[in-house]
Every structure is written in structure tokens, then in C-alpha cells.
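> Dumping the structure here so I can ask a few things about it.
The values are calculated or read from the model by the stated rules, or taken from the named source; none is laboratory data. All figures in this text were calculated on a predicted structure; none of them were measured in a lab. So basically every Cβ, Gly included, is an ideal-geometry build from the backbone, and we count neighbours across all protein chains shown.
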Amino acid sequence: MARVLLGVTGGIAAYKACELCRLLVRARHDVVPLLTPGAERFVTAQTFRALARRPAAEDVYLHLTRADLLVVAPLTANTLAKFAHGIADNVLTEAALAHRGPMLVAPAMNPRMWSHPATRTNVEALRARGVELVGPDEGETAEGELGVGRMAEPGEIFERAQELLGGKSVLKGKSVLVSAGGTREPIDAVRFVGNRSSGRMGVALAAEAARRGARVTLLGANLAVAHPAGVEVVETPSAADLEREALARGADADVVVMAAAVADYRPAGALTGKRPKDRATWTVELEPTTDVLALLGATRTEGTVLVGFAADRGETGLERARAKLRDKGADLFVFNDVARTDIGFDAADNEITLLGADGERTIAKAPKEEIAAAVLDEVEGLLGR
Ligand SMILES: Cc1cc2nc3c(=O)[nH]c(=O)nc-3n(C[C@H](O)[C@H](O)[C@H](O)COP(=O)(O)O)c2cc1C
């Protein structure tokens, strides 16, 4: 988790900063909104306090808050000029002078204001000081003029902010192997035995690790969700595929997160063709598959952090997860209770218990992206040891 100062200035695009604030909070950053009086003509400080989950009464020295990153979106021509000249006449411009560390700004203004020589000179002054600009983009402005001046999209600003903050993550440059989805074990050429995993949790973990600067390989077993950006995806539809790829790649990875629901049993002697329909009963015999996690645990390289997932039911399921942590040689186990319908399999949210050598910790129900960040915070702690 990092602390981010979010500056908002007085332009129409100020409403878009609400979305940026939400994305930063969702990524578990401590966001400190700093609105200029000009911004408050467009949006309220209360909206941002609510989004950032901050108390109403702030410190009188708010402008001196130490932070890992200062993001200003939108940045008006006026505040841009103030930054260029070191003027400190409101909480944001004061904070910008006091801030030490990366600064990311998303200018937004009328195209004629953006191309004015005064603005050009001010932009160059900021760039020379290492301030990073995202946008502005070309397009139609709110007042209906065409040209360069539109604020970059909140998602793009967020991605860049995450990259800049990635410099602080222990995962930066590390190689991370994540498995996601549910394997399908063929009965014949067209039928299979499968499970309800969508791959959402594993994909969220892969995306979060990539955001933190890791080199991520995702072993995808029949993913029902889109592939995350910046991640190498290797298709592993069956337990045998996943076993082969996990063993081939696991030894070289710094972190292995086995989030996929790998079949425990597969049909013995799957038919190569399609069995035609007839009236006879079809008995399928199931044989156990390899326990990939236990094998990874037994053969792992020194220093690798190994994370297992246990989707089980209720208190007895949690007991079984505790036993798995002991028996499988993993550093961390993530238990989620699949007896509940609002979390876990194919749901957008999850609620987990993290089990490690140091004890147990429950992460309250939250979107899987936030849960992924909590799991990786724990992994970072283990890597840092
Ligand atoms: C409707 C309206 C929209 C505005 N949009 C912008 C804008 O997108 N970019 C900009 O630089 N200034 C814009 N301005 C002008 C700024 O609000 C003005 O320069 C103000 O002093 C900026 O204050 P601040 O930089 O302290 O927030 C707009 C003004 C109005 C009335």
C-alpha cells in the first residue's frame, strides 16, 4: 500500500477524478484528496473524502503530508503555471512544493490554452524537473472544440500511477507464476468433468502482480474472464497440462500462486472418439490426478514463495486448509468458503482467510481485485524476509 496525494483542479474533467480516486482506493492505496478552491466549483471535497474513506476533519498541515506519489488530474493551465513558478497559494500548490518523489499530472484544458506559448514554456519547465505528463489527448472538448486538450482517461492515469508506485514493490522485476480457472478432464472427445471456477481470482492476482512490476505468467485453465494486460498466458485446459507447465516453470519463479481449481480426479481411460448416445448406462471411473501443489512444495527451490488455495466448506474446510498448509510445503494458504453463494466460485467478490506460519488473518468481503492486493501484500512480506 502506498500513500497518494490526489490533486484536483478547476476544470470540467474534475468529475473524472472521482473515478481515478475510486481506482486508487480499490488498489488499497491511502489516498489524500487535495482540491483547489477552483475544483470545488465543479466537484465537492465531501465526494472525494467519501471515496477516499477519509475523516471530515483533516490535519492543518495537510499540505505537508508525506506521500509516495502526487497525481494531479485534471491539471488546469492555471495550476500548471503555478507549479512551474513555485507558487504556493492553496493546499495543492503548497503540497506540490513540499512533495518529494514522483509527480504525475494529467493536463486538461481548451486546445488554444494548451498550445499557448506560456503553457508550452510551463510544460517544459515541469518536464525538466522530472514531472511526468499523461495526456492530454486529442478529441472534442466539453465546449465542443476539436484539438489536443482532453484529459487522459482515469484508467490510463491509474495504470501509470501504479507503474510509478511499482518502484516500491518487492515484486518489481520478480517472476510470478499464477494458475487460474478450472481444469476440464475429458471423458471422450467432446465431454468432460469440470468445475465452476471462472478464473476471476487468479486473473486478479496476475493483473495485480503485473501492476506491481512483476514478470507474470498465467496458466489459464478455461478462463471465463478476459486475459489481463501485460501478462504471458499459457493455456492449460486439463490437470495434466497444468501439471506439466507448473512443474516446468515453477522452479524458476520467485512466487508461485496456485489459484486454479485443478481436478482432483480424472476419468480413467478417456475415449478418443465421441461415444454415441444409446440407452445403456455409462459408468465412468475416476482416478486421482497428481497433487501439483504438493509436488511443487516438495521440489521447490530455496527462496520461492509458494501459495496454495483451498476452496472448501465451513469450519471443517478451514481445518482441512490448516492441515494442507502443514502437509504441502506451502508458505501461505488462501481459504475461501465455497458453502457461501455471495463469494468464491464465479462471484465478483471474495472473503478469505490467509493461513501462514505466523498465524491466520481474515480479509473481509471485497472485490477480488482488492483481495488479490491483500494476498500479494502478504507475499511481499514473505519475499522481503
Ligand atoms: C465551465 C468552466 C470550465 C473550465 N475548464 C477548464 C479546463 O478544463 N482547464 C483549465 O485549465 N481551466 C478551465 N477553466 C478555468 C479554470 O477554472 C480557472 O482558470 C481557475 O482559476 C482554475 O483554478 P485552479 O487551477 O486553482 O483549480 C474552466 C472554467 C470554467 C468556468
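> Would you check if LEU80 is outside any loop (DSSP other than H, G, I, E, B), more than 10 Å from the ligand (Cβ to nearest atom) and in the same structural domain as GLU124 (by TED's automatic domain parsing)?
No: the conditions fail for LEU80.
> Only one of ARG196, ARG200 is touching a residue at least 60 places away in the same chain (Cβ under 8 Å), farther than 25 Å from ALA298 by Cα, surrounded by fewer than 17 Cβ atoms within 10 Å (Cβ to Cβ) and in the same structural domain as GLY297 (by TED's automatic domain parsing); which?
Just a single option satisfies the conditions, and that option is ARG196.
> So, one more: When only residues in the range 1-25 that are under 17 Å from ASP137 (Cβ atoms) and surrounded by fewer than 24 Cβ atoms within 10 Å (Cβ to Cβ) count, which is farthest from the ligand (Cβ to nearest atom)?
Residue satisfying both the conditions and the ranking: GLU19.
> Could you check the range 26-46 and list, in sequence order, the residues that are within 16 Å of the ligand (Cβ to nearest atom) and not in a loop (DSSP other than H, G, I, E, B)?
PRO33, LEU34, LEU35, ALA39, GLU40, ARG41, ALA45
> Is it the case that ALA142 is modelled with pLDDT of 95 or more and either within 11 Å of the ligand (Cβ to nearest atom) or not in a loop (DSSP other than H, G, I, E, B) (or both)?
no
> Kindly indicate whether any position in the range 61-72 is surrounded by fewer than 16 Cβ atoms within 10 Å (Cβ to Cβ), free of Cβ contacts under 8 Å to residues at least 12 places away in the same chain and assigned by TED's automatic domain parsing to the domain that holds GLY147.
Yes, the range 61-72 has at least one match.
> Exactly one condition in (1) at pLDDT below 95; (2) within 12 Å of the ligand (Cβ to nearest atom) is false for ALA56; which is it?
(2)
> Out of ARG66, ARG112, report the one residue that is farther than 17 Å from LEU35 by Cβ, within 14 Å of the ligand (Cβ to nearest atom) and basic (Lys, Arg).
When all the criteria are applied, what remains is ARG112.
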